[in-house]
2 protein chains.
Amino acid sequence: MINYPNKKKSDNIKLSSSANRGMNFEAMINQTNDFYLDNDIAVIHKKPIPIQIVSVDYKMRSAAKIVEAYYKLPSTTDYNGIYKGRYIDFEAKETKTKTSFPMKNIHEHQIKHLAQVRKHGAISFIIVYFSVLGRIFFLDSDYVVSFYERSQNNRKSITIEEFEKYGHEIKEGYRKPVDYLSIIDKFYK
Amino acid sequence: MINYPNKKKSDNIKLSSSANRGMNFEAMINQTNDFYLDNDIAVIHKKPIPIQIVSVDYKMRSAAKIVEAYYKLPSTTDYNGIYKGRYIDFEAKETKTKTSFPMKNIHEHQIKHLAQVRKHGAISFIIVYFSVLGRIFFLDSDYVVSFYERSQNNRKSITIEEFEKYGHEIKEGYRKPVDYLSIIDKFYK
């Protein structure tokens, strides 16, 4: 992963990684999960986007066409699955800011969900991609909850320095663009 | 749970349970999961229905309206989550047949998914609701895979007798309409 501290923001956005240039973060995570699945390492999937379906046109028998629907707030995180017998649960977020990650980017019930699954034995966390900096951090849900609680009265974001201190940086790779299981191997039993 | 063997089919469909009369099976499972969640027993959610979104109308700034979308085949099962540190994964199906469950009701990639997560340490299974009989069975994914393999050359369904022999019947309840964790408590370590 290459960091371009002296370049202008407009130059940096698509240059954060030579390996994954132009690929959005969701695609990077999905490609990583595909690698894990194809190599029988873990079974972790992105959940579908929750939709409230209002009206469906059944005129064509071959394919029902949804003609009115709305996005719903997700009640859980986007990703979950199993790795070496452990339940894995996380949310992945991308931000263009360079100094901190705004807490408002994660819904309150997603933080509650991360805490709930942790209580039952999950490895739960968030992955934040600072796209301008080209840096990716893994942060355990215990810290996410703490920073969320702080945001109720104080600072409403998690700084890069806090990610460096409490989180783990994930190096970008080619076949596994966001190899977050390497962090789990290293820091979780 | 009440069984009405002598009633006509048309009478039975909505009378299979006095407790959950008229509630469809998905609602029964969801209510059970809500009970588990509210009582801090387990965190198990239904995944959203996978949708391919083709066109969205952003005219109204308050709520983006999806105006063209299609149902996609699910690539995993509908339900997963965590219970006592174990990853739980299952598919729930309802059938109106009285003698057997047709294998075609479960997609091949869902069976493959059940086998994959099992390999990594999950408790994976299907729950089948024979709505006319008012009977619910829990069947471990190892048996599901075996019956699926049989269906390639032989019988294309799992008989009630096979559910009785290899599965576990789940008794309907009021607050936990489909208390499948009771089966896990009893038969899985």
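The values are calculated or read from the model by the stated rules, or taken from the named source; none is laboratory data. Here the structure is a predicted model, which means the values were calculated and not measured. A quick note on method: Cβ atoms are made from the backbone with ideal geometry, for glycine too, and the neighbour counts reach across all protein chains shown.
Residues that are at positive phi, of a type outside the set (V, I, T) and at pLDDT 90 or above: find the strands (runs of 3 or more DSSP E) completely inside region B:1-84 holding 3 or more of those. Don't jump to the end; show me each part of the working.
On the way: elements: B:43-46, B:51-57, B:65-71, B:79-83.
Ranges flagged: none.
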Which of (1) touching a Pro at 6+ places or on another chain (Cβ under 7 Å); (2) buried (at least 18 other Cβ atoms within 10 Å of the Cβ) is the odd one out, the single condition A:I66 does not satisfy? (1)
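Out of all the residues in region B:101-113, which are surrounded by fewer than 18 Cβ atoms within 10 Å (Cβ to Cβ) and in contact (Cβ under 8 Å) with a residue 40 or more places away in the chain?
The answer is B:P102, B:K104, B:E108.
When the residues of region A:119-173 are narrowed to those that are basic (K, R) and free of Cβ contacts under 8 Å to residues at least 60 places away in the same chain, which ends up nearest to B:Y36 (Cα to Cα)? I'd like the intermediate steps shown before the answer.
Taking region A:119-173 as the starting set, the residues that turn out to be basic (K, R) are A:119, A:135, A:150, A:155-156, A:165, A:171.
From what's left, free of Cβ contacts under 8 Å to residues at least 60 places away in the same chain: A:119, A:150, A:155-156, A:165.
Working: A:K119: 14, A:R150: 29, A:R155: 34, A:K156: 32, A:K165: 36 Å.
Filtering region A:119-173 for residues that are basic (K, R) and free of Cβ contacts under 8 Å to residues at least 60 places away in the same chain, the one nearest to B:Y36 (Cα to Cα) comes out as A:K119.
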Does region A:132-165 hold any residues that are aliphatic (A, V, I, L, M) and buried (at least 18 other Cβ atoms within 10 Å of the Cβ), and which are they? A:V132, A:L133, A:I136, A:L139, A:V144, A:I158, A:I160
Members of region A:166-189 found to be surrounded by 17 or more Cβ atoms within 10 Å (Cβ to Cβ), touching a helix residue (DSSP H, G or I) at 6+ places or on another chain (Cβ under 6 Å) and farther than 19 Å from A:I106 by Cβ, listed by number: A:K176, A:P177
Given the conditions (1) within 23 Å of B:D185 (Cα to Cα); (2) among the hydroxyl-bearing types (S, T, Y); (3) facing chain A (nearest Cβ under 10 Å), report the number of the one that B:T76 does not fulfil. (1)
Taking only region B:150-184 into account, find how many residues are closer than 16 Å to B:F90 by Cα and out of contact with any strand residue (DSSP E or B) (no Cβ under 9 Å at 6 or more places or on another chain). 0
In region A:85-116, how many residues are more than 14 Å from every other protein chain (Cβ to nearest Cβ), hydroxyl-bearing (S, T, Y) and in a strand (DSSP E or B)? 2
For residues that are within 9 Å of chain B (Cβ to nearest Cβ) and in contact with an Asp or Glu (Cβ under 9 Å, 6 or more places away or on another chain), scanning just region A:37-48, find the one that is nearest to A:K176 (Cα to Cα). A:V43
